[in-house]
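Participant: Here it is, the structure in full.
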Ligand SMILES: [Zn+2]
Ligand SMILES: [Zn+2]
């Protein structure tokens, strides 16, 4: 072991400069601890056809013999969505998380048929020794149950990771954020704090989840003669619990619609996190037997996701739920930036079917799970870290969080703003950015990973179309039989098409293919020259694909599409 390696380093593999795919590696000498391994949902505009974006795991793969475990702050996708891919690439790594986070991970691994690693369920207050690190899991409140901050004791001091949190003094499940313990950890001395920054732009304090319950109760009671449909995030078990409890009070039965809503509610029931009377919940297939005003459907799709239950209902494609004038649909979430258009399309379509739709503008139909400025200040003042790095935010969030920390007296030289791939070394007297590690984005499409070149092709295809040049060649005599041109996503006039064919023939006749059978050179020439002519004539940049079909005489087939 080289002595100079005995220092605390933190490598940021995701979740900084972006909201999504959180992943951090805490390194000391020959040990690495991974905190979270999330995924991001892609946007249609930037990443057409991509299912999921995950972090680049190169750094972990290169150092896999040092990796001692993964600790999970909570079970949201931006913290656990990458785990099946990490384990598939890097093999067995023990995972530590709350019972709900572990149940969600187990479900993912089973679905993807990935070998189960050792899954360790922990609860608030637990301490685990993982390699050289000792990790204490501290209860925090967030929009999913079983959320932790982490106090990671290393030989070079304590790293405190807030995880995602809000300070909810009246949590639905009664399990409050452990402010007392956080204060103790702060008093004992925290070397480095990593603090989430999502709601840094919002003043004041985030409203308690209980307030949503009060609003939903009002909605349900004032629409006593209607069928109620409430769309929310499946992972927000507390909210689902509140709806179920209200329905029991007013004598409505509840049906879950949407795969993740059915799955997670089932999981939460088994774990004792979702409590209900025996006949409250009925399968969605049985709603026809219940009077509409005695029914509440809790569904997925509050973000207008294309395949979700609520989108199916709004499009009149749901097998069980036909929306009509007797329905009240409450959307209990805010559109995540980027999803606005999908959500408003959904709302328009629900209105078209005659439903009454409640969303956004109605007060407290949804509250955030993230801390606003006053809570962020309270956290900083309790933890009182020597060094501070804001995380879980786009660059502007990180910058604003830095300003907040500065205003609270943390010196500028003790704060670092980091990007994906950055690595910091934490020393007694300073915190330094050192050489970055390999990091970035990996695009998952179905069962395979695709790179940025594939994406570039897709974008070009979607905006400019494709032109395929088929050159049928007599390979023995190196003669051209014919040229066929197929265009998709654009239209050529007959005359221009003939010009292009003529040009392709000329390029063939003067190419080095004739003498040296230089296929690459011929294709490049075709691509370059044909692209230029199309650009000059039509101001369009389609993808030009030359295909050389080399045939032996006698095989010659008619050119066909
Ligand atoms: Zn979260
Ligand atoms: Zn998060």
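Taken together, the values in this text are just the output of simple stated rules run on the coordinates, not laboratory data. Worth saying up front: this structure is predicted, and the values here are computed from it rather than measured. Every residue, glycine among them, receives a Cβ derived from its backbone with ideal geometry; neighbour counts consider all protein chains shown.
Participant: What angle do you read, to the nearest 10 degrees and between 0 and 90, between the alpha-carbon axis of helix 179-188 and the longest principal axis of the chain?
Facilitator: The helix 179-188 is inclined about 80 degrees to the chain.
Participant: Give the separation of the Cα centroids, the range 339-387 to the range 464-482, in Å.
Facilitator: Answer, in whole Å: 57.
Participant: How far, in nm, would the chain grow between residue 134 and residue 478 when pulled straight, counting 0.36 nm per residue and subtracting the alpha carbon separation?
Facilitator: 116.7 nm
Participant: While we're here: If each residue's Cβ is checked for other Cβ atoms within 10 Å, how do 458, 539, 488 rank with the fewest at the top?
Facilitator: 539, 488, 458
Participant: Could you work out the mean projected area of the convex hull around the alpha carbons of the range 1-136, in square nanometres to one decimal?
Facilitator: Quarter of the Cα hull surface area: 8.8 nm².
Participant: So for the pair residue 6, residue 89, with labels modelled 7 Å out along Cα→Cβ, what separation do we get in nm?
Facilitator: 3.3
Participant: Still on this structure, I have one more. Calculate, axis by axis, the spread of Cα positions in the range 336-443 along the three principal axes, and write the results as whole Å, longest axis first.
Facilitator: 66, 36, 16
Participant: Okay, moving on. Would you please calculate the Kirkwood hydrodynamic radius of the range 456-512 over all C-alpha pairs and express it in Å, rounded to one decimal? Intermediate values should be presented prior to the final figure.
Facilitator: On the way: mean 1/r = 0.0784 Å⁻¹.
Its Kirkwood hydrodynamic radius stands at 12.8 Å.
Participant: What is the Cα convex hull volume of the range 209-358 when expressed per residue in Å³?
Facilitator: Here the figure is 100 Å³ per residue.
Participant: How far apart, in nm, are the 7 Å Cα→Cβ label points at residue 514 and residue 224?
Facilitator: Roughly 9.2 nm, to one decimal.
Participant: Give me the three principal axis extents of the range 104-221 from the C-alpha atoms, as integers in angstrom, largest value leading.
Facilitator: 55, 44, 26
Participant: Can I ask one more? What's the exposure ranking of 288, 61, going from fewest to most Cβ atoms within 10 Å?
Facilitator: The most exposed by this proxy come first: 288, 61.
Participant: Now, a different point. May I ask you to work out the translational diffusion coefficient for the chain at 20 °C, viscosity 1.002 mPa s, via Stokes-Einstein with Rh from the Kirkwood sum over Cα pairs, reported in whole µm²/s?
Facilitator: 80
Participant: Let me ask something else about it. Could you tell me what a quarter of the Cα convex hull surface of the range 465-551 works out to, in nm² with one decimal place?
Facilitator: Working: hull surface 20.1 nm².
Its Cα hull, projected and averaged over all orientations, spans 5.0 nm².
Participant: Sorted from largest down, what three extents in whole angstroms do the Cα atoms of the range 203-259 have along their principal axes?
Facilitator: 39, 29, 15
Participant: Full extension from residue 344 to residue 169: what is 0.36 nm times the residue separation minus their Cα-Cα distance, to one decimal in nm?
Facilitator: Full extension of this stretch gives 59.7 nm more.
Participant: So what's the angle, to the nearest 10 degrees on a 0 to 90 scale, between helix 209-221 and the longest Cα principal axis of the chain?
Facilitator: 80
Participant: P(r) tail for the range 411-536, what percent of Cα pairs lie past 16 Å?
Facilitator: Considering the range 411-536, 74 percent of its Cα-Cα pairs are separated by more than 16 Å.
Participant: For a quick check: sort 374, 257, 445 by the number of other beta carbons within 10 angstrom, fewest at the front. Could you put the intermediate results ahead of the total?
Facilitator: Details: 374 14, 257 23, 445 17.
Lowest count first: 374, 445, 257.
Participant: With angles folded into 0 to 90 degrees, how steeply does helix 395-407 sit against the dominant principal axis of the chain? Use alpha carbons for both and round to 10.
Facilitator: The helix 395-407 is inclined about 30 degrees to the chain.
Participant: Which value in nm describes the separation of the simple spin-label points at residue 378 and residue 535, placed 7 Å from the Cα toward the beta carbon?
Facilitator: 5.9
Participant: Would you mind getting me the FRET efficiency between residue 413 and residue 184? Use the beta-carbon distance for r and R0 = 25 Å, nearest 0.05.
Facilitator: With a Förster radius of 25 Å, E is 0.35.
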